Amino acid sequence: MSVALLWVVSPCEVSNGTGFLESVREGNRLFDSSRHRNLVCNERLKRGGGKQTDNGRKFSVRSAIVATPSGERTMTSEQMVYDVVLRQAALVKRQLRSTDELEAKPDIPIPGNLGLLSEAYDRCGEVCAEYAKTFNLGTMLMTPERRRAIWAIYVWCRRTDELVDGPNASYITPAALDRWENRLEDVFNGRPFDMLDGALSDTVSNFPVDIQPFRDMIEGMRMDLRKSRYKNFDELYLYCYYVAGTVGLMSVPIMGIAPESKATTESVYNAALALGIANQLTNILRDVGEDARRGRVYLPQDELAQAGLSDEDIFAGRVTDKWRIFMKKQIHRARKFFDDAEKGVTELSAASRFPVWASLVLYCKILDEIEANDYNNFTRRAYVSKSKKLIALPIAYAKSLVPPTRTISLLS
Ligand SMILES: CC(C)=CCC/C(C)=C/CC/C(C)=C/CC/C(C)=C/COP(=O)(O)OP(=O)(O)O
């Protein structure tokens, strides 16, 4: 069982599988923060974020992405996701107008709870160190406030992912995800359920983080529960946004954009979104065989058909020329998303660039490894060896020293 879940699941809760989320409803809090709650609410109202914390809207906003009553959509997934980008960018701009520079504020003093809060952040750091070693190493260059905020977000994402991918996944129902979303709303309202939520509550009160990407990540988990095929790339793009693009949007308000950057806020968020999509597409291409053994195919069905391939070919795991041609196109697309992301990394605040470059350079290399495996992603797992990682890290460091562009946005 993953460490992240062990921390929040007591033995009796594990026994019935759903107890962990069941207890969310009971509201048996570990983290008493009535003072913290008021401060968070005031903070969000100051930022114009009151709408998000309106109890009346709980669960009415499943996702910013909506369909017509007949289920048809008039916009592409990309256009719809861009609305979330604009919303997050607007939130940051409002914050920037009210402060000279986007820097973390000092801790909110919570007498009696300060020790607990710092313990909560420490635990988040331990999870990050355990599961995201390279990225965690890179975060050591960030300011302590930013580093621990990134940890808190990472832990929430990991716990969310564990709900559908972890040891209790078979007990997870849409209702359980609704309760998890309920708990998320509580986090943003300053009513954290446990210590790890407490760290996130503190983070979202200190940085201009929008709740929508968090809600959308839960929506991605719902999608994973009900769907195992993707008709076309538009559908797959939406899934990738939900489960990974959201992470990019959550991270930039913490990482901060360099004060000297001339790029527009939207373009930097777009690049962050692109990195999430690129990572997820890479993850999908690496795990084709593993996913197929779970009955899942995260590849556009129309493109498979155009290449003369079907699910049967994937379940049979045949590396044919048709498969190689298909894979080349998929890899090419993933690389284009990495290219879009690269333009934005340089615009981040200096200390945040290294962890992002390191993870970008390393994840991108997985695509090279799939090629080196002659596109056999059915029975061979593409991975980047330790020695290749060691070579890549100084390159990432050198890239992180490049300052933002001096001219008005080169980014689209
Ligand atoms: C580019 C700019 C401007 C900012 C960077 C913004 C960030 C941090 C984007 C990164 C988004 C991200 C890390 C998305 C998660 C993608 C992903 C597929 C993670 C895979 O997680 P695991 O499943 O743990 O991976 P492994 O299976 O490879 O261990």
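Scanning region 222-271 for residues that are of a type in the set (S, T, N, Q) and within 15 Å of the ligand (Cβ to nearest atom), we see that the one that is surrounded by the fewest Cβ atoms within 10 Å (Cβ to Cβ) is 264. Of all residues in region 197-218, none are open to solvent by 20 Å² or more (accessible area, probe 1.4 Å) and not in a loop (DSSP other than H, G, I, E, B). Just so you know, in region 341-387 the residues that are near the ligand (Cβ under 9 Å from one of its atoms) and among the acidic types (Asp, Glu) include one that is least open to solvent (accessible area, probe 1.4 Å), and it is 347. Take the conditions (1) under 18 Å from residue 399 (Cα atoms); (2) away from the ligand (no atom under 15 Å from the Cβ); residue 327 misses just one of them, which is (1).
Would you mention how many residues in region 180-213 are in contact with an Asp or Glu (Cβ under 8 Å, 6 or more places away or on another chain) and of a type outside the set (Phe, Trp, Tyr)?
10
For the residues 304, 281, the requirement of being touching a residue at least 12 places away in the same chain (Cβ under 8 Å), part of a helix (DSSP H, G or I), within 15 Å of the ligand (Cβ to nearest atom) and aliphatic (A, V, I, L, M) singles out 281. Quick check, is residue 362 under 19 Å from residue 276 (Cα atoms) and in contact with a Lys or Arg (Cβ under 7 Å, 6 or more places away or on another chain)? Against the criterion (under 19 Å from residue 276 (Cα atoms) and in contact with a Lys or Arg (Cβ under 7 Å, 6 or more places away or on another chain)), residue 362 qualifies. Of everything in region 130-158, what is open to solvent by less than 40 Å² (accessible area, probe 1.4 Å), hydrophobic (A, V, I, L, M, F, W, C) and part of a helix (DSSP H, G or I)? Give them in sequence order. Result: 149, 150, 151, 152, 153, 155, 156, 157.
Give the residue that is modelled with the lowest pLDDT, with candidates limited to residues of region 171-182 that are open to solvent by 10 Å² or more (accessible area, probe 1.4 Å) and part of a helix (DSSP H, G or I). Checked region 171-182; the qualifying residue modelled with the lowest pLDDT is 171. Among the residues of region 86-115, just one is more than 26 Å from the chain's Cα centre (by Cα) and at pLDDT 80 or above, namely 115. What are the residues in region 312-340 that are open to solvent by 70 Å² or more (accessible area, probe 1.4 Å) and in contact with a strand residue (DSSP E or B) (Cβ under 8 Å, 6 or more places away or on another chain), if any? Listed by number, the list is empty, since nothing qualifies. In region 218-229 there is at least one residue matching the filter, namely being modelled with pLDDT of 95 or more and under 11 Å from the mean Cα position of the chain (by Cα). Of all the residues in region 285-310, those that are loosely packed, with under 15 Cβ neighbours inside 10 Å and over 19 Å from residue 382 (Cα atoms) number 6.
The values are calculated or read from the model by the stated rules, or taken from the named source; none is laboratory data. Remember, predicted model here, so these are calculated numbers, not experimental data. Quick reminder, even Gly has a Cβ in these numbers, built from the backbone with ideal geometry, and neighbours come from all protein chains shown. Heads up: the accessible areas ignore ligands, DNA and RNA and are worked out on the full protein's heavy atoms, side chains in. Shrake-Rupley method; radii C 1.70, N 1.55, O 1.52, S 1.80 Å.
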